[in-house]
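Okay, structure first, notes after.
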């Protein structure tokens, strides 16, 4: 399996798109990486770029982008609302798939060494790649920003990890590191006051504010026995925050970095900001995400707000994400398109269109053509999808039924199970066709020599077993939906009992149709033990399905 690293360099240019395009072109033109997002900010004069790829390719793309930024951006002329110290201000690596943080750190250090030595840009390491504990925090390294670099170097304070401690007036300095996923998030306030926005930021951020006697602004600073200022911690762990005014929008924001979304998820940060702003006489009007987020961030937020409304959370993920967007006003300042902001959506295969992305008519037309796939296996899986969908529909209707308000959580849990089963079966619709294609690819392999014949035979056996296990998985997953349909027939909205019945019939078709595909693929397999075992298991599922469906239909007809 491929190792994948995400890289999120922040470049100190957010106004001149021609410069941004030249920098990102270096990334686009690097093999084995994919540019996911380019998010320029006019007021901050900063662009956050996100790309992902195999580790060595990510290092190469990042190096070329940093080099190009150093050629095109002149830090001596740069101004912007966001703290910064270099043309490429910060460049973190984030492990995404099949790679440890320790390995990611080594790639970050490899890049930092190359940037410092080959580009003569003073380079620091931070977070997990930091050369010492005190350098883990980006704010510590960036203190004094670009304007303080020359003095810092002359005084020998906090010297770079790579490159000479010589002030590079054009490029400044760069910070490179490795970290877990970070969410950059701004919450909009109905004020133009930076001071008031900062007061909210100090309320919520982990490090809070300096404690003072009497007046919280002008009072005497409280100090401990060693003379250090005492701090009053904020309400949110793993959150960094400041307040600022964004002229472009004409409002103040609380700008946050959520450094551990397991500790403080997005919706919790939003809600705590709302609470603080309200207590201080302000209103939150919306918010914005900078860069990309994992899908789970928005799913968790949408479910949180649905639960607050005592609404079922067992709805399609697109609907859950819509609730998250509207609840936090993520589209207040500009349109918010999940397909352009969610990492998983951007990483989806952009090749041939999937069967499940076709319209009903397109799917029917594709099936009716003279090609053997999609065929009965995919149709069986889709029958299971329809059965799961009907059961989930009844669960959601029951959760929202007037007079059943005390049962919404009960039916919401069933609806969530239904959605998960539906989504798995949707995957199997396409995977059955993919399994058939694997067999065809194996058949087309060369067979001129003994070695080629053996390779072809091994590949064909492997592909055939896979083509057996996919419809078998359809059988098992479809059978699981019968618990949902049985419960809905017994306990669900009585006006929808016929829907539960139709769902059960669709599942019976799915199980029996999938078993036909298991059997027809077994006939060409020489592994008798494998075949005997899978046929026996299939027969058991068939028997149990028939018994369960008949029981559901009896309940349905008795209630009609």
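Out of curiosity, is residue 480 surrounded by fewer than 16 Cβ atoms within 10 Å (Cβ to Cβ), at pLDDT 95 or above and either outside the structural domain of residue 310 (by TED's automatic domain parsing) or touching a strand residue (DSSP E or B) at 6+ places or on another chain (Cβ under 7 Å) (or both)?
Numbers: surrounded by fewer than 16 Cβ atoms within 10 Å (Cβ to Cβ): no; at pLDDT 95 or above: yes; either outside the structural domain of residue 310 (by TED's automatic domain parsing) or touching a strand residue (DSSP E or B) at 6+ places or on another chain (Cβ under 7 Å) (or both): yes.
For residue 480, the condition - surrounded by fewer than 16 Cβ atoms within 10 Å (Cβ to Cβ), at pLDDT 95 or above and either outside the structural domain of residue 310 (by TED's automatic domain parsing) or touching a strand residue (DSSP E or B) at 6+ places or on another chain (Cβ under 7 Å) (or both) - is not met.
At least 3 residues being within 19 Å of residue 58 (Cβ to Cβ), over 24 Å from the mean Cα position of the chain (by Cα) and at pLDDT 95 or above is the threshold, and among the helices (runs of 4 or more DSSP H) wholly inside the range 81-168 those reaching it are 101-118. For beta carbons closer than 6 Å, sequence separation of 6+ or different chains, a first residue in the range 94-105 that is in the same structural domain as residue 49 (by TED's automatic domain parsing) and on the phi > 0 side of the Ramachandran plot and a second that is surrounded by 12 or more Cβ atoms within 10 Å (Cβ to Cβ) and at pLDDT below 95, the qualifying pairs are 98/3. Check the range 398-419 and report whether any residue there is on the phi > 0 side of the Ramachandran plot and either surrounded by fewer than 15 Cβ atoms within 10 Å (Cβ to Cβ) or in a helix (DSSP H, G or I) (or both). Yes, that holds for at least one residue. Here residue 313 fulfils each of the conditions (1) farther than 30 Å from residue 51 by Cβ; (2) touching a strand residue (DSSP E or B) at 6+ places or on another chain (Cβ under 6 Å) apart from (2).
Quick grid of which residues meet (1) assigned by TED's automatic domain parsing to the domain that holds residue 9; (2) without any contact (Cβ under 8 Å) to a residue 12 or more places away in the chain:
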residue: 149; (1), (2): yes, no
residue: 157; (1), (2): yes, yes
residue: 165; (1), (2): yes, no
residue: 169; (1), (2): yes, no
residue: 172; (1), (2): yes, no
residue: 188; (1), (2): no, no
residue: 192; (1), (2): no, no
residue: 195; (1), (2): no, no
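Being crowded, with 23+ Cβ neighbours inside 10 Å, over 27 Å from residue 549 (Cα atoms) and touching a helix residue (DSSP H, G or I) at 6+ places or on another chain (Cβ under 6 Å) narrows it down to one residue among 467, 435; which is it? Reasoning before the result, please.
Working: 467 fails: over 27 Å from residue 549 (Cα atoms).
Result: 435 is the single residue among 467, 435 that is crowded, with 23+ Cβ neighbours inside 10 Å, over 27 Å from residue 549 (Cα atoms) and touching a helix residue (DSSP H, G or I) at 6+ places or on another chain (Cβ under 6 Å).
Condition test on residue 388, is it surrounded by 20 or more Cβ atoms within 10 Å (Cβ to Cβ) and more than 28 Å from the chain's Cα centre (by Cα)? Full working, then the answer.
Numbers: surrounded by 20 or more Cβ atoms within 10 Å (Cβ to Cβ): yes; more than 28 Å from the chain's Cα centre (by Cα): no.
Against the criterion (surrounded by 20 or more Cβ atoms within 10 Å (Cβ to Cβ) and more than 28 Å from the chain's Cα centre (by Cα)), residue 388 does not qualify.
Every listed requirement among (1) at pLDDT 95 or above; (2) closer than 30 Å to residue 7 by Cβ; (3) surrounded by fewer than 18 Cβ atoms within 10 Å (Cβ to Cβ) is met by residue 353 save one, (1).
Quick one: which helices (runs of 4 or more DSSP H) sit completely within the range 301-385 and have at least 3 residues that are more than 15 Å from the chain's Cα centre (by Cα) and closer than 30 Å to residue 248 by Cβ?
On the way: elements: 317-328, 338-341, 343-347, 360-368.
Once the helices (runs of 4 or more DSSP H) in the range 301-385 are filtered for at least 3 residues that are more than 15 Å from the chain's Cα centre (by Cα) and closer than 30 Å to residue 248 by Cβ, what remains is 317-328.
The values are calculated or read from the model by the stated rules, or taken from the named source; none is laboratory data. Source: prediction; values computed, not measured. Quick reminder, even Gly has a Cβ in these numbers, built from the backbone with ideal geometry, and neighbours come from all protein chains shown.
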